[in-house]
1. Would you check which residues across region 37-64 are among the charged types (D, E, K, R), surrounded by 12 or more Cβ atoms within 10 Å (Cβ to Cβ) and at pLDDT below 95 and list them?
2. Check R80, R26, R38, R56 and return the single one that is among the basic types (K, R) and in a helix (DSSP H, G or I).
3. Considering every residue within region 84-91, establish whether at least one is open to solvent by less than 60 Å² (accessible area, probe 1.4 Å) and touching a helix residue (DSSP H, G or I) at 6+ places or on another chain (Cβ under 6 Å).
4. Filter region 1-23 for residues that are open to solvent by 30 Å² or more (accessible area, probe 1.4 Å) and part of a helix (DSSP H, G or I) and give the result.
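The values are calculated or read from the model by the stated rules, or taken from the named source; none is laboratory data. All values reported here derive from a predicted model rather than from experimental measurement. Counting neighbours? That spans all protein chains shown, and the Cβs are built from the backbone with ideal geometry, glycine included. To get the accessible areas, we keep the full protein, side chains included, count just its heavy atoms, and leave off ligands, DNA and RNA. Shrake-Rupley method; radii C 1.70, N 1.55, O 1.52, S 1.80 Å.
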Amino acid sequence: MARIRSLKPEAFESETLAKVSVDAERTLFGLTTIVDDRGRLADKPAQINGNLWSMRGDHTAADLDGELEQLVKADGLLCRYTGCDGKRYIHLVT
């Protein structure tokens, strides 16, 4: 179940976020609304894309996957890993 999250004003002044595209930034902000209380969710780009970008028909799961990779490379905002159950997960580090 999605949780109510708040963005802090300094998010828009982040040097780390300035390194990624605006779409990747929006994806990160959207992820904060669908992760669990520990900042984790299943790494399923098609499903996440449907949750976050449903009103933007031209935004694809491949686009989202690329944005996730930008967030991984941008000072580790995001971690993608395989759990002990063999499934892929995402962890919001910050």
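1. Matches in region 37-64: R56 only.
2. R26
3. No, region 84-91 has no match at all.
4. Answer for region 1-23, where residues must be open to solvent by 30 Å² or more (accessible area, probe 1.4 Å) and part of a helix (DSSP H, G or I): P9, E10, F12, E13, A18, K19, V22, D23.
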